[in-house]
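Worksheet: the structure to be examined is printed underneath.
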Amino acid sequence: MKCIGVLCSGGDSPGFNPCIRAVVRTAIGLGMRVMGIERGYEGLIEGRMWEMDARSVGGIIGRGGTILGTARSEEFKTEPGRKRALRNLNRNGVEGLVVIGGDGSFRGALKLHEMGFPVVGVPGTIDNDTPFTDMSIGVDTALNTVLESIDRIKDTASSHRRAFLIEIMGRDCGYLALMGGIAGGAEMVLIPEVETSLEEVAAHLEDAYIRGKAHCIIAVAEGYKPGTQAIAEYLQARREELGFEVRVTVLGHVQRGGSPTAFDRLLATRLGCAAVHELHKGHSGVMVGLVGNKITVTPLEQVLAEKKKLDLSFYEMAKVLEK
Ligand code: ADP
Ligand code: F6P
């Protein structure tokens, strides 16, 4: 293999840049050329790619976002769209591809593999919902952002003796909210994986007030139903009876940005290197991951067939500690 491409796809996460850097420099070290593809599969379809040298990735190891850009592409979900992408790869002499992204991006990657084009996936998403890897790139940084936010909100919550619903990202996965809630010392965690009624939330709030807590921090995963705003309205309507006044903070996209932590830089670097080595060995249709601090390689088909399960023993621990 003489030339590989690298692209980022789907939602970005802190650590995409150190991963790109690792891919570029590892490939060059193995004597291959590297094409950087702009804005994911969209750039692939439009043929937007340029050759990257070792210098082109200088100074990016600590930068959030991605120098290549990322995108979601509806056209790539269609056969003609993928054929256009394949033509552009062939025209530019690209013989293998590293795709950095989440499970949606891997569905696209698997399609390319099935069309005979060598591809390796690298898990990058703050949601930590990709199976066959303990951590995805960006999770640790996002978690630290969540913690910093919880700490700050706690300051003002305690001053006013208020309850705060802090909405934390994760799409349908409660990982960030659960881990953020535990590490941030929240009084309650609401995640889609565990059914909790509004009545239970209200009872918890009242109990915390009666026990003399200065604040009541509730970490709410964005995927929790009926949603943060509905819980806030319900609690606020019963405000006199429950004690705490309620405020809502939606952390939003602040969780997707920022300089990657040491953990994420190392993870991104290890996975980026491993992905290039897989392509160089002639492997395709696989995802590199981290399991028990070891780099693993799993067929994309297997990754996509499974839903990552949240370890609910952490939820039980949170319940014990929230007293
Ligand atoms: P993530 O990778 O973060 O889960 P998305 O689910 O938005 O992000 O997927 C990113 C992109 O991957 C989509 O915009 C699309 O271009 C591509 N993709 C997703 N599903 C498929 C599919 N079934 N076939 C081909 N491409 C897909
Ligand atoms: O998948 C990452 C993520 O940040 C989710 O946590 C969130 O639900 C979604 O992406 C937000 O997507 P967008 O950036 O398109 O608003």
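Being in contact (Cβ under 8 Å) with a residue 24 or more places away in the chain, out of contact with any His (no Cβ under 8 Å at 6 or more places or on another chain) and closer than 18 Å to Gln229 by Cα holds for only one residue in Ile166, Ile182, and it is Ile166. Take the conditions (1) in contact (Cβ under 8 Å) with a residue 60 or more places away in the chain; (2) in the same structural domain as Asn17 (by TED's automatic domain parsing); Leu266 misses just one of them, which is (1).
Hey, could you check the stretch 90-111 for residues that are closer than 18 Å to Asp127 by Cβ and open to solvent by 20 Å² or more (accessible area, probe 1.4 Å) and say which is farthest from ligand 2 (Cβ to nearest atom)?
Step one: filter the stretch 90-111 for residues closer than 18 Å to Asp127 by Cβ, giving 99-109.
Checking which are open to solvent by 20 Å² or more (accessible area, probe 1.4 Å) leaves us with 103-104, 107.
Numbers: Asp103: 10, Gly104: 9, Arg107: 14 Å.
Per the criteria, the residue is Arg107.
Give the residue, chosen from Ala214, Ala208, that is over 26 Å from the mean Cα position of the chain (by Cα) and not in a helix (DSSP H, G or I). Talk me through it step by step, then tell me what you get.
On the way: Ala208 fails: not in a helix (DSSP H, G or I).
One residue alone meets the criteria, Ala214.
If we keep just the residues of the stretch 130-150 that are part of a loop (DSSP other than H, G, I, E, B), touching a Lys or Arg at 6+ places or on another chain (Cβ under 9 Å) and open to solvent by less than 40 Å² (accessible area, probe 1.4 Å), which is nearest to ligand 2 (Cβ to nearest atom)? Can you show your working first?
Of the stretch 130-150, the ones part of a loop (DSSP other than H, G, I, E, B) are 130-136, 138.
Then keep just the ones that are touching a Lys or Arg at 6+ places or on another chain (Cβ under 9 Å); that gives 130-133, 138.
Checking the rest, the ones that are also open to solvent by less than 40 Å² (accessible area, probe 1.4 Å) come to 130-131, 133, 138.
Working: Thr130: 10, Pro131: 15, Thr133: 15, Gly138: 9 Å.
Applying the filter and picking the extreme gives Gly138.
Looking at the stretch 251-276, which of its residues are among the small types (Gly, Ala, Ser), assigned to a helix (DSSP H, G or I) and within 16 Å of ligand 1 (Cβ to nearest atom)? Ala268, Ala275, listed by residue number.
Against the condition of a type in the set (Lys, Arg), away from ligand 1 (no atom under 14 Å from the Cβ) and within 28 Å of Pro260 (Cα to Cα), how does Arg107 come out, does it pass? No; evaluated as a whole, the condition is false for this residue. Tell me which residues, restricted to the stretch 151-169, are open to solvent by 50 Å² or more (accessible area, probe 1.4 Å) and in contact with a Phe, Trp or Tyr (Cβ under 8 Å, 6 or more places away or on another chain). Result: Arg161, single match.
Of the numbered criteria (1) in contact with an Asp or Glu (Cβ under 6 Å, 6 or more places away or on another chain); (2) open to solvent by less than 20 Å² (accessible area, probe 1.4 Å); (3) in a helix (DSSP H, G or I), the one Val120 fails is (3). Looking across the stretch 170-186, the residues that are at negative phi, within 13 Å of ligand 2 (Cβ to nearest atom) and open to solvent by less than 10 Å² (accessible area, probe 1.4 Å) come down to Gly174, Leu176, Ala177, Gly180.
Of all the numbered requirements in (1) surrounded by 15 or more Cβ atoms within 10 Å (Cβ to Cβ); (2) part of a loop (DSSP other than H, G, I, E, B), Lys309 misses one, and that requirement is (1).
Output yes when any residue across the stretch 217-226 is more than 16 Å from ligand 2 (Cβ to nearest atom) and open to solvent by less than 50 Å² (accessible area, probe 1.4 Å), and no when none is. Please lay out each step first, then the result.
Just the residues of the stretch 217-226 that are more than 16 Å from ligand 2 (Cβ to nearest atom), to begin with: 217-218, 226.
Right, trim to open to solvent by less than 50 Å² (accessible area, probe 1.4 Å) and you get 217-218.
Yes, the conditions are met somewhere in the stretch 217-226.
Residues in the stretch 3-60 that are more than 16 Å from ligand 2 (Cβ to nearest atom), open to solvent by 50 Å² or more (accessible area, probe 1.4 Å) and either under 27 Å from Val139 (Cα atoms) or touching a Gly at 6+ places or on another chain (Cβ under 7 Å) (or both): Arg21, Arg25, Glu38, Trp50, Gly59. Within the stretch 1-19, the residues that satisfy the criterion of being in contact with a helix residue (DSSP H, G or I) (Cβ under 7 Å, 6 or more places away or on another chain) and more than 16 Å from ligand 1 (Cβ to nearest atom) are Met1, Ile4, Pro18.
Residue pairs whose Cβ atoms lie under 7 Å apart, sitting 6 or more positions apart in sequence or on different chains, and linking a residue in the stretch 1-19 that is assigned by TED's automatic domain parsing to the domain that holds Gly36 to a partner that is acidic (Asp, Glu) and crowded, with 24+ Cβ neighbours inside 10 Å, are Pro14/Asp264; Gly15/Asp264.
The values are calculated or read from the model by the stated rules, or taken from the named source; none is laboratory data. Values in this document were obtained by computation on a predicted structure and should not be read as measured data. When we count neighbours, we look across all protein chains shown, and the Cβ atoms used for this are built from the backbone with ideal geometry, even at glycine. SASA here: full protein model, heavy atoms, side chains in, ligands and nucleic acids out. Shrake-Rupley method; radii C 1.70, N 1.55, O 1.52, S 1.80 Å.
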